[in-house]
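The values are calculated or read from the model by the stated rules, or taken from the named source; none is laboratory data. Only a predicted model underlies this, so the values are computations on that prediction, with no experimental measurement involved. Every residue, glycine among them, receives a Cβ derived from its backbone with ideal geometry; neighbour counts consider all protein chains shown. Heads up: the accessible areas ignore ligands, DNA and RNA and are worked out on the full protein's heavy atoms, side chains in. Shrake-Rupley method; radii C 1.70, N 1.55, O 1.52, S 1.80 Å.
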Amino acid sequence: GLNVGLTGGSDSDQRGFLRFETGELGSTGTRAYLSYTNQQTDKYKGVGEQKQEHINFKIVQPIGDAKLTAFYNWSDRQENDYQDLSFDMISRLGYNWDNLSSLSDWPLMVQVARIYQGTLPGPYPSPIGTVDDSYANASGLRKDHLMGATLNMPFGDGWSWDTTVYRHENKGQGVWFTPYLSTAASFAINGVGAPDGSGGTISLANSAPISVRTTEYDIDRRGVTTALTWTAGDHTLSGGLWVEDNDFNQARRFYGLELAAPQRNSLEFMTDPFFTQWQYAFNTTTNQFFLQDTWAVNDALKINFGFKTLDVENSARAIVDRRFPTSLAGSIEASESFLPQIGFNYALNEESELFGAVTENMRAFIAAATGASPFATSPTNFALLQNSGGLEPETSTTYELGWRYNLAALQAVVAVYYVDFKDRLLANTIGAGIVGNPVVLQNVGDVETKGAEFGARWAFADDWSWYNSLSYNDSQYQDDVISTAVSAGPPVVTTTTIRPTGGKQVVDTPKELFKSELSYDNGTYFGKLGLDYTGERYFTYTNSLCNPAIVSRVPPPVVPFPTPCSPDGLGKVDSYAVFNLSLGYRFRDFGFGKNLSVQANITNLTDESYVSTIGSNGFGNNGDNQTMLAGAPLQWFISLNGQF
């Protein structure tokens, strides 16, 4: 049969979905499906589009008692991004301020760039206050292919073998039109004008004071997972491997723009750069082994225990590096031979049970020239990380205990947990995100998390139900961050900076989350009214907007560095609550159509203005930061769905 879904709504949103399922094909038992999704919408503010396409295919072939499954998935994403905001920008420019667009703001973009570069007198045109107020044409482009095959094969007495092989290929670009490097700079860099992308060269007179800055990446990763399972009496034992080899190529490039009008589209992959600032080839090899046993002690009690070993090696090779006097290259490894887990499930009666677990885990390092990666720092800092005892991977031990209840009219769960998180990695970047400065990476201590969760669904009347979930999470840094810098001299001066993060709440971790949803469904009419509440979240590691750093200089005498202010706890965004509404109607099946329905959705019903995302441009120790994204205003959508 054929499943069809059509959606339209706010900001010219259009989405179409088709899925064809074969059912069983003859006596072979072969089954397959093919689906296609196409979605495109205008941004809810500013100028730009967001477009996505997806194709998913799967075929399943029984082979005796075994089953062979093959799959292929493809996606194409082209999305203009929204402007990163700060408190200062929200107060001056409002929540609806957004990136400039070359489609509507090109003369303004040129004017701002020239004022920043000093070739045109200021001030910036109102309401723009700084060059970082007005990033332009930000976008993300990404094409992915994911394919693989799985064999599920039972054999012998209680044995089964499951193996999956897969491959993932990816090509992507993150795009910004930037005033930090002009197209005219191509003459100083290469002695000639920048390529125009069409086989020509941009003259000096027609060079824009803006260029296109990209972060480009290609992924080619191949892997296999395989596991044997044996059921014998009260025990189910399993053991297996995961092996992956990941080649990741990443580059920072700049492309030329013409002064009269930009000849490049931010939603198309850029070609013909005039400057490659850096390009690295990364390789990540992952080897993981696990062994576990699920033991049915009796009818009420089950115990699961086992362990895994994990070894991940990251290596980097510089292809182009014009950031540093020496190229960044080398390797780093995260390895742990014993990561245990034990858990239990105990049935108190037919309606309720207790559960619990203790788990140890390790996070491998990231192999990239950006983000919290050892390869995103300078060669000098990378050498220090390797030579001073090395960089430790982050690890955690998680303790969990809970109770579940399941009756026809009421389902509920209560859980408490504690996480001991060690060797937190901190990556600090100085300057605006668009500049792309290297990070300073270091282990900075432990994090302690204590939390509780509650969820319940109550069918309190015919056709009516009420769902509620509440979580509380207290996550705190346990240590101050201490960093030391030594000058070359003479005289040699050691500067120690202490950032008072100990006892502060972890960034982007609300203490309270609450969701409530009232539902009605009589088979023909259906609807939901929901509330989502998110508590306040910090975006600075010291939880402060001011600068509470304490600095001392050595050799003696120790001279205290003046502290501009005391910690103020104001480095946070407010809590917010959003209401959402959906109403729908199911038609009676007729002819070749069935399960036909129409549904209306309204999100942010009260048109709340709020900060939805923080950390979009990283986190800082203190102070205001251009790292927030505004939540969407009221949006509406109409959907039609059916099977044929």
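A few remarks follow.
Conditions (1) free of Cβ contacts under 8 Å to residues at least 24 places away in the same chain; (2) surrounded by fewer than 16 Cβ atoms within 10 Å (Cβ to Cβ); (3) touching a Phe, Trp or Tyr at 6+ places or on another chain (Cβ under 7 Å), marked per residue:
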| residue | (1), (2), (3) |
| --- | --- |
| TYR44 | no, no, no |
| VAL47 | no, no, no |
| GLN50 | no, no, no |
| ILE55 | yes, yes, yes |
| LEU68 | no, yes, no |
| GLN83 | no, no, yes |
| ILE90 | no, no, no |
| ASP105 | no, no, no |
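- Taken across the range 272-291, residues that are among the aliphatic types (A, V, I, L, M), touching a Lys or Arg at 6+ places or on another chain (Cβ under 6 Å), surrounded by 15 or more Cβ atoms within 10 Å (Cβ to Cβ) and not in a strand (DSSP E or B) do not occur at all.
- In the range 212-237, residue nearest to ASP157 (Cα to Cα) [restricted to those that are touching a residue at least 60 places away in the same chain (Cβ under 8 Å) and among the small types (Gly, Ala, Ser)]: ALA232
- For the range 211-241, a residue qualifies if it is out of contact with any Leu (no Cβ under 9 Å at 6 or more places or on another chain), farther than 30 Å from PHE275 by Cβ and open to solvent by 40 Å² or more (accessible area, probe 1.4 Å), and the qualifying residues are ARG222, GLY233, ASP234, HIS235, THR236, LEU241.
- Residues of the range 493-545 satisfying the condition of being surrounded by fewer than 17 Cβ atoms within 10 Å (Cβ to Cβ), more than 24 Å from ALA577 (Cα to Cα) and among the basic types (Lys, Arg): none
- ASP220, sole failed condition from (1) modelled with pLDDT of 95 or more; (2) not in a strand (DSSP E or B): (2)
- Test: residue in the range 80-101 that is in contact with an Asp or Glu (Cβ under 8 Å, 6 or more places away or on another chain) and in a strand (DSSP E or B): yes
- Residue count, the range 112-128 (criterion: within 22 Å of LEU85 (Cβ to Cβ) and without any contact (Cβ under 8 Å) to a residue 40 or more places away in the chain): 7
- Checking LEU25 against (1) more than 25 Å from the chain's Cα centre (by Cα); (2) open to solvent by 70 Å² or more (accessible area, probe 1.4 Å); (3) touching a residue at least 12 places away in the same chain (Cβ under 8 Å), the condition it does not meet: (3)
- Qualifying residue in the range 304-320 (condition: under 30 Å from ALA136 (Cα atoms) and surrounded by fewer than 16 Cβ atoms within 10 Å (Cβ to Cβ)): yes
- Residue within the range 154-169 that is on the phi < 0 side of the Ramachandran plot, surrounded by 15 or more Cβ atoms within 10 Å (Cβ to Cβ) and modelled with pLDDT under 95 present: no
- Of all residues making up the range 616-633, the number that are farther than 21 Å from TYR44 by Cα and in a loop (DSSP other than H, G, I, E, B): 6
- Beta carbons closer than 8 Å, at least 6 apart along the sequence or on distinct chains, pair a first residue in the range 444-468 that is at positive phi with a second that is open to solvent by less than 20 Å² (accessible area, probe 1.4 Å) and of a type in the set (A, V, I, L, M, F, W, C) for GLY445/VAL481.
- In the set (1) of a type outside the set (Lys, Arg); (2) in a loop (DSSP other than H, G, I, E, B); (3) open to solvent by 20 Å² or more (accessible area, probe 1.4 Å), the condition left unmet by SER266 is number (3).
- Residue in the range 114-150 that is farthest from ALA70 (Cα to Cα), counting only those that are over 31 Å from the mean Cα position of the chain (by Cα) and hydrophobic (A, V, I, L, M, F, W, C): LEU120
- Filter result for the condition that a residue is within 30 Å of GLY642 (Cβ to Cβ) and in contact with a Gly (Cβ under 7 Å, 6 or more places away or on another chain), over ARG31, ARG15: ARG31
- Residues that are closer than 18 Å to ARG92 by Cβ, touching a Leu at 6+ places or on another chain (Cβ under 8 Å) and open to solvent by less than 40 Å² (accessible area, probe 1.4 Å), drawn from the range 605-626: VAL611, GLY623, GLN626
- Yes/no for TYR72 being under 30 Å from SER134 (Cβ atoms) and either open to solvent by 50 Å² or more (accessible area, probe 1.4 Å) or among the basic types (Lys, Arg) (or both): no
- For beta carbons closer than 6 Å, sequence separation of 6+ or different chains, a first residue in the range 303-332 that is closer than 20 Å to ASN381 by Cβ and a second that is at pLDDT 85 or above and aliphatic (A, V, I, L, M), the qualifying pairs are ASN314/ILE332; ASN314/ALA367; ARG317/ALA281; SER327/ALA318; LEU328/ALA318; ALA329/ALA316; ALA329/ALA318.
- Residue that is modelled with the lowest pLDDT [pool: residues in the range 554-595 that are touching a Ser or Thr at 6+ places or on another chain (Cβ under 8 Å) and aromatic (Phe, Trp, Tyr)]: PHE561
- In the range 186-210, the residues that are open to solvent by less than 20 Å² (accessible area, probe 1.4 Å) and not in a strand (DSSP E or B): SER186, GLY193, ALA194, ILE202
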